[in-house]
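Have a look at the structure below before the remarks.
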Amino acid sequence: MFWEISRAVLQYRRWSCFLKRNHSFLPDDVKSLRSVVNPDVSKIRNIGIMAHIDAGKTTTTERMLYYSGYTRALGDVDDGDTVTDFMAQERERGITIQSAAVTFDWKGHRFNLIDTPGHVDFTLEVERALRVLDGAVAVFDASAGVEAQTLTVWRQAEKHHIPCVCFLNKMDKPAANLSFSIESIRQKLKANPVLLQIPVGRGKNFSGVVDLLTNQRLTWKMNKREDDGRFFAAKPLSEVKEPELMEEVRQARAALIEQVADLDDDFAEVLLTDFGDNFDAVPSIKLQEALRRITLARKGVPVLCGSSLHNKGVQPLLDAIAAFLPAPDERPHALVRWYKDDLCALAFKVLHDKQRGPLVFLRIYSGTLKAQTALHNINRNSTERMSRLLVPFADQHVEITSMTAGNIALTVGLKQTVTGDTIVSSKASAAAAARRAHNEGKTSKGRGQQTSVVLSGVEVPDPVFFCTIEPPTMAKQADLENALNNLQREDPSLKVRLDPDSGQTILCGMGELHIEIIQDRIRREYGIETHLGPLQVAYRETILHEASATDTLDRTVGERRHVVTVELVVQPGDESSQVAFVEDAAGMLSDSVREAVENGLHSSYLQGPLLGYPVQGVSTRIQSVNTEPGTSPAMVSACVSRCMLKALRLAGGQLLEPIMSLEVTVEEEHLGTVLADLAQRRGTVRDIQSRHDNKVLLASVPLAETRGYSTILRTLTSGKATFSLELDTYEAMSTQDQNVLLRRTAGFL
Ligand code: GDP
């Protein structure tokens with residue numbers, strides 16, 4: 001008994017000794033940095049976390065906020081109490097929809113974390129978030145490796161040249177597999193993984209990692225219920241008496257040093273001249289500097305491992321973000337050059353707060369943003385006053401008077417600003433920047449001077465689903481319109497239009513879930529119960545062969561006679577519809593007639609002859625336009641539209657339907673059921689791959705057949721399958737399917 005107690009006391013002393021040496025929870029540091037409103041730009045890290053849904057992004061974020069001292073208790077996604085998933089439906093659904101920016105400090109660095117959604121309906125949110133990031137952390141489930149949505153987001157990050165760090169989460173799972181995950185980063189992401197840590201212990205026994213840079217073994221306590229992981233022991237490997245582990249680490253470190261030398265010439269030179277084969281003598285700082293250069297140049301991605309849920313490995317991840325990901329001034333931002341010290345910022349998120357009105361998140365690229373000043377919005381060509389300026393710290397929003405370049409700010413009072421707008425200090429400053437840009441000969445896509453000084457907004461893809469939305473009573477119509485206006489400012493992927501025939505309001509969105517969430521938000525945030533009509537697919541129309549048509553419009557309105565004759569040819573073209581004038585006609589047409597012809601064509605492209613869907617893949621040649629003197633441009637447009645309709649009808653109408661790319665991960669025993677169901681949905685299987693005990697099914701399926709798929713899949717597989725859906729292309733419908741659709745629309749079915 002005595003010996004047992006003594007051993008326990010000894011163990012406790014040893015542990016607390018480790019903690020004293022190695023504690024990483026620094027509330028005092030946090031407090032002191034917090035008073036620094038505008039930290040040195042080299043200390044700022046604007047980062048995002050990208051991950052497949054369920055990889056552990058929310059759990060990892062929560063641990064980051066906790067260890068940095070901003071939350072007092074560990075949030076748990078499974079209990080629905082996390083900070084970043086602050087919107088109610090997100091809690092209920094357990095997914096992260098809106099990108100919320102959270103500011104916190106870590107070891108003298110200011111981190112602005114832009115939360116990015118994992119659900120594929122919200123890739124636009126991801127794109128928007130990526131625009132303002134300087135670096136990203138990709139979180140993977142170490143038992144699944146790279147999954148579909150990460151691939152999509154990774155490609156988007158590549159487009160914006162964003163340096164990344166990878167975190168292999170869930171190392172505690174029995175199926176966690178380091179080499180498989182590394183290989184899938186190499187194969188699927190076509191990236192060059194650089195492993196910085198070796199995990200210690202497998203599955204349930206995963207206790208920590210060996211840091212290959214410092215040769216230290218980092219150990220966390222095993223029981224997450226009793227230990228929050230704030231403290232961990234860091235012990236030099238030389239003190240660890242485990243020959244097998246030491247040998248594994250020796251090999252991994254040698255491989256790391258060789259890999260870094262291959263990727264960075266400066267390091268290779270230092271290695272050759274100063275150390276030769278004596279890899280043990282290579283100081284960690286040299287490796288760290290080289291790794292930073294490699295990461296910033298996107299020649300390689302540092303890979304770390306951990307288990308967020310079990311509170312292991314998150315602090316080294318925070319250290320890696322500070323060490324390897326870039327500060328804002330290390331990233332090329334073209335506009336900074338033109339605005340110099342003048343303010344230039346991008347509104348990347350608008351939220352509506354009941355008390356404070358619209359809150360706009362801004363990323364400042366140059367200059368200083370001051371509270372209670374007028375700001376000029378280039379996109380809206382309007383000037384409005386910002387009343388308050390806040391730092392969105394994770395625990396509370398702190399009011400400040402000014403904020404400098406590189407930071408993320410939360411502003412109150414900007415009522416006209418829409419997500420994606422560029423904000424500057426004044427109209428004059430925009431004009432001065434435009435002059436500088438013009439002098440440098442930089443105009444963006446030839447759209448003139450003004451647009452060249454606008455930060456590129458988010459490319460909003462066309463919505464694929466739409467439905468009617470109605471308020472409970474006509475008295476609520478105005479409130480509903482107001483709610484929809486606000487929601488559109490927050491979310492440019494939501495489109496609202498009026499049906500010219502029925503006068504009904506139509507809601508157009510990126511997916512079934514997107515539309516459901518909008519309805520949910522209208523109910524919760526604006527207190528309006530709405531009724532949604534059946535969800536409809538946004539088809540497109542095209543033609544099968546060439547056709548020509550001639551039309552004459554002869555109409556007398558009042559005293560005036562309008563006579564116009566148009567002759568045109570339509571032919572199948574590539575996806576982007578084109579208009580080409582024949583040369584003779586082009587030379588003879590006045591500017592006003594040419595504009596009227598273009599307007600007429602434009603409206604014909606918006607509504608095809610079959611079911612009124614937009615027309616694509618049709619190129620039009622105007623053969624001739626003859627007008628009699630006195631004919632108004634509106635009559636020319638009307639005649640062109642009528643003639644186009646004739647030609648399109650003659651050219652054989654063809655409906656195009658959105659085809660989604662579907663990835664289902666399912667246990668082998670349910671594969672047959674899922675395949676059978678897919679066959680009924682006109683799906684085509686492209687590949688079936690194995691991933692551990694699971695099968696990954698890659699297929700194409702028409703969007704129209706995916707309605708309610710998440711519920712059906714859950715039922716078919718007892719909730720054991722996951723899937724992702726993404727718009728792939730538009731494809732011609734078979735004659736039989738097209739006829740069914742046409743008859744159903746006409747009310748015959
Ligand atoms: P997100 O969808 O990427 O935000 O993922 P969440 O953070 O919501 O986590 C998804 C699920 O994985 C939750 O049930 C978590 O409890 C669980 N999870 C998160 N991290 C880990 C981990 O390190 N190990 C294990 N075993 N489960 C984890």
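Electrostatic tally near residue 616: other residues with Cβ closer than 11 Å to its Cβ, Lys and Arg +1, Asp and Glu -1, net -3. Think of a 1.4 Å ball rolled over the protein heavy atoms: segment 657-746 then has 51 Å² of accessible area per residue.
Annotation: amide H of residue 134 within the under-5 Å range of 46, 47, sequence separation 5 or more or interchain, hydrogens built in the peptide plane. Based on Cα atoms of segment 657-746, Rg over Rh with Rh as the Kirkwood radius reads 1.02. Surface composition of segment 657-746: carbon plus sulfur atoms contribute 46% of the solvent-accessible area (1.4 Å probe, protein chains only, all chains present).
Amide H contacts under 5 Å for residue 538: 465, 466, restricted to partners 5 or more places along the chain or on a different chain, H placed in the peptide plane at 1.01 Å from N. Residue by residue, segment 381-388 carries 3J(HN,Hα) couplings of 6, 9, 10, 9, 9, 9, 8, 10 Hz when phi is fed to the Karplus relation 6.51 cos²θ - 1.76 cosθ + 1.60 (θ = phi - 60°); x denotes Gly or Pro. Relative contact order of segment 246-395: 12 percent, from C-alpha pairs under 8 Å at least 6 residues apart in sequence.
Ordering 239-247, 227-235 by mean Cβ neighbour count within 10 Å, with the highest value first, yields 227-235, 239-247.
Placing a pseudo-label 7 Å from each Cα along the Cα-to-Cβ vector at residue 356 and residue 687 gives an inter-label distance of 4.7 nm. Length gained on full extension, residue 281 to residue 588, computed as 0.36 nm times the residue gap minus the Cα-Cα distance: 102.5 nm. Probing with 1.4 Å while keeping every protein chain in the model, the per residue accessible area of segment 541-651 equals 52 Å². Per-peptide packing, taken as the mean over residues of other Cβ atoms within 10 Å, places 134-144, 517-527 in the sequence 134-144, 517-527 from highest down. Expressed as a whole percent, the accessible surface of segment 541-651 that belongs to carbon and sulfur atoms is 49, based on a 1.4 Å probe. Under a 5 Å amide H cut-off, with hydrogens placed 1.01 Å from N, residue 368 pairs with 343 among residues at least 5 apart or on other chains. Using θ = phi - 60° in the Karplus curve 6.51 cos²θ - 1.76 cosθ + 1.60, the 3J(HN,Hα) couplings for segment 612-622 round to x, 8, x, 9, 9, x, 10, 10, 10, 10, 8 Hz; x is entered for Gly and Pro.
Peptides 626-633, 699-706 ranked from most to least packed by the mean count of surrounding Cβ atoms within 10 Å: 699-706, 626-633. Cα centroid separation, segment 349-363 to segment 688-742: 37 Å.
The values are calculated or read from the model by the stated rules, or taken from the named source; none is laboratory data. Just so it is clear, the model here is predicted, and its values are computed rather than measured. Don't worry about glycine lacking a Cβ; one is built from the backbone with ideal geometry, like all the others, and counts go over all protein chains shown. Just so you know, the surface numbers come from the protein's heavy atoms only, side chains and all, with ligands and any DNA or RNA stripped out. Shrake-Rupley method; radii C 1.70, N 1.55, O 1.52, S 1.80 Å.
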